[in-house]
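Have a look at the structure below, then the notes.
Bear in mind these aren't lab numbers, they're just calculated from the coordinates by the rules spelled out. This structure is a prediction, so every number in the text was calculated from the model and none was measured. Glycine gets a Cβ as well: all are built from the backbone with ideal geometry, and neighbour counts include every protein chain shown.
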2 protein chains.
Amino acid sequence: MTNDFDTRPGRAGPLCLRDMGAFHVGGQAVRLQGQPATRAVLAAGGEPVLLDPNGSYWVGQMYAQYFLPQAPAQSTPLQLWHGGGLTGACWETTPDGRPGWLHYFVRRGWDTYLCDAAERGRAGYAPRELWGAPLSQTAEAVFARFRLGPSLDGVALADAAQQAFPEGQFPAEAFEALARQLVPRWAHTDAVILGAYEALLERVAPSVVVCHSQGGMFGLTMAQRRPDRVRAVVALEPAAVPPPSAQDEACAVPTLIILGDRIEGDARWPAMRKRIEQFARRHACVEILSLPDLGMRGNSHMLMMDRNHLDIADLVHGWLARALKD
Amino acid sequence: MTNDFDTRPGRAGPLCLRDMGAFHVGGQAVRLQGQPATRAVLAAGGEPVLLDPNGSYWVGQMYAQYFLPQAPAQSTPLQLWHGGGLTGACWETTPDGRPGWLHYFVRRGWDTYLCDAAERGRAGYAPRELWGAPLSQTAEAVFARFRLGPSLDGVALADAAQQAFPEGQFPAEAFEALARQLVPRWAHTDAVILGAYEALLERVAPSVVVCHSQGGMFGLTMAQRRPDRVRAVVALEPAAVPPPSAQDEACAVPTLIILGDRIEGDARWPAMRKRIEQFARRHACVEILSLPDLGMRGNSHMLMMDRNHLDIADLVHGWLARALKD
């Protein structure tokens, strides 16, 4: 299967938008009291500033950037929700410089919202006094956990391709560019992040949510919590699924879960897939698409960056067209 | 003076781009060793992950998002460099929902690069083991320091307009939306940030730099360091200026510094203005534009968000057209 982004009808030529813009949404004002003040020069050669941490902060907001095509071909907005340790940048230009899923869905006529979840990217994050310090993941851990290869095994990031799975679809020669995209994260902010996504869903018209990894869990959760605001979910390798609940089978939101290759040999993904399969059995509206079962081999955890990312986007676009028609 | 963004020639109708995209640039790989490992569940219901902080990180990179108009009217790219505690979002939709300077310059035909400096936004930031904890600024401090009014004086963020200067141009009724844009910052990362900006300037064609506050200092510094890559600088209320040096008078890059209103009554800005005036006296290519001297009253530190932001953008666009012609 080949997919040439620039030559297919409707995807070549200029990208015309009827509007674009950005906003922050969700979160709340929080007051800090009783903390010590410090003095700092915030720009070399500037005037010293008294930094008194006591006062108000807006905390828990998220950021959304919207791209609205001049001639929308879809009546439902589409939101892109990234995974853990990442930002909305993961849906833009791929690490090796190809147009990403943002471009694909805008060119396909979707009103597209590129999101930075609460705690990262342009969303910002709370003062250390409120959230403590974040966790950072090493490039080595990410290389193995995203199933780009068995292990970086001490090679330089620029040489990661030497360690990649031979038939892998991830452009491992550009792994360094993926390492530049990684951002710190917290392990205790799920409720805050979900709260901001709910505020976003309330602000935008009922939407399709295309989500990945940690964001997959948020998308599946919001489909259960707000079926009035979520029209469909496409979850790329969700890192978790909602637990069994009284809402099982009461399944309002068409959901597609997409899985890549090499799950069998992974340390964590066989258990994850088992939970995803149990989740799908509990919910009649949930469908699992395992790419290797379609003959698409070599996909990593970063499906939207893989070399065949537009073939996968075509599958998503086609599935959504059918799901929204029903 | 009035300025209606949507009805002037060339600025109404769809926004057509020949391309858009994003990349990270600059920074370096850094290895951590000898730190303790921890175990954490990174998605509720997910598989526990061993978090070993020892390994490689990419540190000090920045992020740039580009919007290239279908019919460029300028041959020089334009880069937007934000201020401290902010991200590229400050150039997008204003807090009260008007199209921002990003829209303005793209519609005026500039190839525009919307940047998140190293350490914030989609650029990400280094693990705490390397940089320590960042500083956060309170909404109250920002309200006074950005010269929106004398003091928030305990009113809720949503009621900030009550405390704003009566003739102020900042849309203080939307102060809450500005508070959502604030992000933590460090006080010791200037060299890292400058290094990434230099890498950006090397990657993009020689550019105009439109910069603000802390970013103003970076723009003025890069004009001195890389006159081969900076074609002109427009610095909105730079928070500092480069110190006197042997390069004084050897002035290759046309530079415009714009100052808003109410500097006289401020705690820090009279001293800043004095340094800016000394800087301009040392460099024949530096021009200062004080908006009150033009009869434009009430501008805050956030010139690109003020109600008359498009009038100021027109001044910048006109000055750049003349400066690049010379």
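By what distance, in whole Å, do the Cα atoms of region A:216-320 stretch along each of the three principal axes, largest value first?
Taking the Cα atoms of region A:216-320, the three principal extents are 38, 30, 20 Å.
Around A:ASP153, with a cut-off of 11 angstrom between Cβ atoms, what is the net charge of the other residues, counting Lys and Arg +1 and Asp and Glu -1? Intermediate results must be reported in sequence, preceding the final value.
On the way: positive: none; negative: A:GLU140, A:ASP159.
My count for the surroundings of A:ASP153 gives -2.
Using amide H atoms built in the peptide plane, which far-off residues or other-chain residues are under 5 Å from A:VAL230 H to H?
A:SER207
Within a 10 angstrom radius of each residue's Cβ in A:168-177, how many Cβ atoms of other chains show up on average? Whole number is fine. The partial results should precede the final answer.
On the way: counts 0, 0, 0, 0, 0, 0, 0, 0, 6, 5.
Average per residue, whole number: 1.
Given H placed 1.01 Å from N in the peptide plane, which residues other than close sequence neighbours of A:CYS211 have an amide H under 5 Å from its amide H?
A:TRP81, A:VAL234, A:ALA235, A:LEU236
Using only the C-alpha atoms of chain A, find the volume of their convex hull and express it per residue in Å³.
On the way: hull volume 55.1 nm³, N = 326.
Once divided by residue count, the hull of chain A is 169 Å³.
Roughly how crowded by other chains is peptide B:156-166, in terms of the mean Cβ count from those chains within 10 Å of each of its Cβ atoms?
Details: counts 2, 4, 1, 0, 0, 0, 0, 0, 0, 0, 0.
The shielding value for this peptide is 1.
Could you list which residues have their amide H under 5 Å from that of B:ALA22, counting only those 5 or more apart in sequence or on another chain, with H placed in the peptide plane?
Distant-sequence amide H within range of B:ALA22: A:THR93, B:TYR66.
Roughly what % antiparallel, to the nearest 5, for the DSSP beta bridges in region A:106-255?
Working: 1 of 8 bridges.
Bridges in region A:106-255 that DSSP calls antiparallel: roughly 10 percent.
Give the order of B:GLU198, A:GLU249, A:GLU202 when sorted by the count of other beta carbons within 10 angstrom, beginning with the fewest. All intermediate terms of the calculation are to be shown ahead of the outcome.
Numbers: B:GLU198 18, A:GLU249 9, A:GLU202 12.
Arranged by neighbour count, lowest to highest, B:GLU198, A:GLU249, A:GLU202 become A:GLU249, A:GLU202, B:GLU198.
Among B:TRP101, B:ALA164, A:GLY195, whose Cα lies farthest out toward the positive end of the dipole of the protein assembly as shown, if unit charges sit on the beta carbon of Lys, Arg (+1) and Asp, Glu (-1)?
B:TRP101
Inside 10 Å of the C-beta atoms of A:195-204, what's the mean count of C-beta atoms belonging to other chains? Walk me through the intermediate numbers first.
Values: counts 0, 0, 0, 0, 0, 0, 0, 0, 0, 0.
Mean inter-chain Cβ contacts per residue within 10 Å come to 0.
Take the alpha carbon gyration tensor of region B:42-166, find the square roots of its eigenvalues, order them as a ≥ b ≥ c, and report rounded if a/c is under 1.5; if not, report prolate when a/b exceeds b/c, else oblate.
Numbers: a/c = 2.22, a/b = 1.13, b/c = 1.97.
Cα axes put region B:42-166 in the oblate bin.
Nearest 10 degrees, 0 to 90: what angle lies between the long axis of helix A:309-325 and the longest principal axis of chain A (Cα atoms)?
80 degrees
What is the log10 of I(q)/I(0) for the protein assembly as shown, computed with the Debye formula using one identical point scatterer on each Cα and no solvent, at q = 0.10, 0.12 Å⁻¹?
-0.90, -1.30
What is the antiparallel percent of DSSP beta bridges lying wholly in the protein assembly as shown, to the nearest 5? Each step should come with its number before you reach the end.
Values: 49 of 93 bridges.
Around 55 percent antiparallel, to the nearest 5.
Could I get the Rg over Rh figure for region A:97-236? Both from C-alpha atoms, Rh via Kirkwood, rounded to two places. Walk me through the intermediate numbers first.
Working: Rg = 17.3 Å, Rh = 17.2 Å.
Here Rg/Rh amounts to 1.00.
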